[in-house]
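Data first, discussion second: the structure below is written as structure tokens.
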Amino acid sequence: MGIHRGHRAHPFERLAEWLIFGVSFSTIGVVFLIFLFVGKEALPVALERQNSALIREVIPPSDIDKLSSAELQQYLELTPKQFAEMDRETLQMLMEIRVEANDEIPAHIREDKDATLNTATWRHMVLPHQWSGYEQPEYIWQPVGSIHKYNIVPLIVGTLKTTVVGLLFAVPLALGAAIYVSQLASQRVKEWVKPGIELLSGIPSVVMGMFALVVMATFLQKVFGYEVRLNAFVAGIALGMAVIPLVFSIAEDALTSVPRSYSQAALALGASKWQATYQVVLPSALPGVFAAVVLGFGRAIGETMIVLLVCSASVMSWSLFDSARSITTTIAAEMAEAVAGGTHYRILFLLGALLFAATFITNLIGDLVIHHFKGRLEGKK
């Protein structure tokens, strides 16, 4: 008995369809909730509602009745839920604690002009400021000490340095290997080279970071002769080694999926293998190759352990041979030390939100470019 097309689905098939739909929908929901949670925790800093000033205005506890509920909640930096759960005596006790904490501040800190600054504002997070003891305005990330400094520019620069070095190292090697394996290598060589490169993806990031810390850093310092042994250049090279397998696998699949008839037609017209590869096959696989580079960028910018082990000093310098600290390593290294609900805690969530926004915009632009390439290949543009 033949199988009729379009037959009604059996109950088991329907159940499987609903199960797959439910898993997919729940996954999207969980991702959305994660983004919502990160945004909620970062919102007070983003809206400049968090005050990190060491010396603040103090209101005597006896004046509690002179303040409105909104003013008292803002003064004590409480959420609406926390404020609603507290009675008058608890609120007055919090005001007394604020007064006592202000009285305990040492005299030399009171004389510091930066002690009254709210360093958790966008002005101090993205622009240089001339801090006490510095001769000129500086970008400083220093969430410890008497005066906390939360300038995020050194972290953004450090992220860009390690990511760009990693991509400049990984993309040419990965694409070159993908072109060689898919178009030029013999079947016997391909059987050895392809699994060997893809095997790199199985090496844990912490192992790659330890190798870079112990072996690669010393070797590169001897070769290039720079002073700082652990720097953004070493971190970028180690990062590139972690990115190579991903870019190679996707680019090789894209190049292999190009119909053989394309290269065979070019060879029949007198082109060499190299000419057929870079004039016919590579342009045809350009959307897939570009997608590999975009995914490699996402892998590089989100890597934590390699950069954390190799270099973790937040130095504001554009030199590749100075130390650097990325956004991801900052979150990983400092989240456990941050007080929940505090300024440092919320700024780390703000960094996570900024990182998500950067990767989202990059992927969106990459998707538009890929569709543009596909449209050109299909003759639609």
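Please treat every number below as a calculation from the coordinates, not as lab data. No experiment lies behind these values; they were computed from the predicted model shown. Methodologically, a virtual Cβ is constructed for each residue, glycine included, from the backbone with ideal geometry; neighbour enumeration extends over all protein chains shown.
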>> Could you list L76, L155 so that the one with the fewest beta carbons within 10 Å of its beta carbon is first and the one with the most is last?
In response: L76, L155
>> Placing +1 on the Cβ of each Lys and Arg and -1 on the Cβ of each Asp and Glu in region 224-381, which of F297, F248, F356 has its Cα farthest towards the positive end of the resulting dipole?
In response: F248
> Can you give the convex hull volume of the alpha carbon atoms of the chain per residue, in Å³?
Replying inline: 257
> Could you list log10 I(q)/I(0) for region 189-235 at q = 0.33 Å⁻¹, which the Debye formula gives when each Cα is one point scatterer?
Replying inline: -1.11
> With +1 on each Lys and Arg Cβ and -1 on each Asp and Glu Cβ, how big is the dipole of region 153-377 about its Cα centre, in debye rounded to the nearest 20?
Replying inline: 480
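For region 286-381, just say rounded, prolate or oblate: build the C-alpha gyration tensor, square-root its eigenvalues into a ≥ b ≥ c, call rounded for a/c under 1.5, and beyond that prolate if a/b exceeds b/c, oblate if not.
On the way: a/c = 3.41, a/b = 2.06, b/c = 1.66.
Prolate, since a/c reaches 1.5 and a/b exceeds b/c.
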>> Given the DSSP H assignment, sum -39500 (n - 2.57) over each helix run of at least 4 residues in the chain and divide by its residue total; what's the result at 222 nm in deg cm²/dmol, nearest 500?
In response: -19500 deg cm²/dmol
>> Quick check: the distance between the Cα centres of region 49-74 and region 176-228, to the nearest angstrom?
In response: 58
> Given the options S257, S312, S249, which has the most mean-square fluctuation in a GNM of the chain, springs set between C-alpha atoms less than 10 angstrom apart?
Replying inline: S257
> With axes computed from alpha carbons, what is the tilt in degrees of helix 153-179 against the longest principal axis of the chain, rounded to the nearest 10 within 0 to 90?
Replying inline: 10
> For region 253-268, in order, what is each residue's ³J(HN,Hα) by Karplus, 6.51 cos²θ - 1.76 cosθ + 1.60 with θ = phi - 60°, in whole Hz (x at glycine and Pro)?
Replying inline: 5, 5, 5, 5, 6, 5, x, 4, 4, 5, 5, 5, 5, 5, 5, 5
> Taking +1 at the Cβ of each Lys and Arg and -1 at the Cβ of each Asp and Glu, which of L19, V214, V189 sits farthest along the dipole of the chain towards its positive end, judged by Cα position relative to the Cα centre?
Replying inline: V189
> By how many degrees, between 0 and 90 and to the nearest 10, does the Cα long axis of helix 88-103 differ from the longest principal axis of the chain?
Replying inline: 90
> So what's the projected area for region 267-338, the Cα convex hull averaged over all directions, in nm²?
Replying inline: 7.8
> Where Lys and Arg each count +1 and Asp and Glu each count -1, what net charge lies around S317 among other residues with Cβ under 14 Å from its Cβ?
Replying inline: -1
> Which angle between 0 and 90 degrees, to the nearest 10, do you get for helix 343-377 versus the longest principal axis of the chain when only C-alpha atoms count?
Replying inline: 20
> What does the charge dipole of the chain about its Cα centre add up to, to the nearest 20 debye, if the Cβ of each Lys and Arg holds +1 and the Cβ of each Asp and Glu holds -1?
Replying inline: 2380
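Of all alpha-carbon pairs in region 153-377, indicate the percentage at a distance above 24 angstrom.
On the way: 12861 of 25200 pairs.
Above the 24 Å cut-off, region 153-377 has 51 percent of its Cα pairs.
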> What list do you get for Y75, Y134 if you sort them by fewest beta carbons within 10 Å?
Replying inline: Y134, Y75
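Rounded to the nearest 20 debye, what is the charge dipole size of region 278-381 about its Cα centre when +1 sits on each Lys and Arg Cβ and -1 on each Asp and Glu Cβ?
Magnitude of the dipole: close to 460 debye.
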> Where does the charge balance sit around S186 when Lys and Arg score +1, Asp and Glu -1, over other residues with C-beta under 15 Å from its C-beta?
Replying inline: +3
>> For region 109-263, take every pair of Cα atoms, bin their distances at 5 Å starting from 0, and report each bin as a whole percent.
In response: 2, 8, 12, 13, 12, 11, 11, 9, 7, 5, 4, 3, 2, 1, 0, 0
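Of the peptides 273-280, 332-339, how do they stack up when ordered by the mean number of other Cβ atoms within 10 Å, highest first? Intermediate values should be presented prior to the final figure.
On the way: 273-280: 15.2, 332-339: 12.9.
Descending mean neighbour count gives 273-280, 332-339.
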>> Using Cβ counts within 10 Å as a stand-in for footprinting exposure, how do D87, D367, D114 rank, fewest first?
In response: D87, D367, D114
> Summing Lys, Arg as +1 and Asp, Glu as -1, what charge do residues with Cβ under 14 Å from the Cβ of A338 carry, A338 excluded?
Replying inline: -2
> Which translational diffusion coefficient, to the nearest whole µm²/s, is obtained for region 33-191 from the Stokes-Einstein equation, given a Kirkwood hydrodynamic radius over C-alpha pairs, 10 °C and 1.306 mPa s?
Replying inline: 78
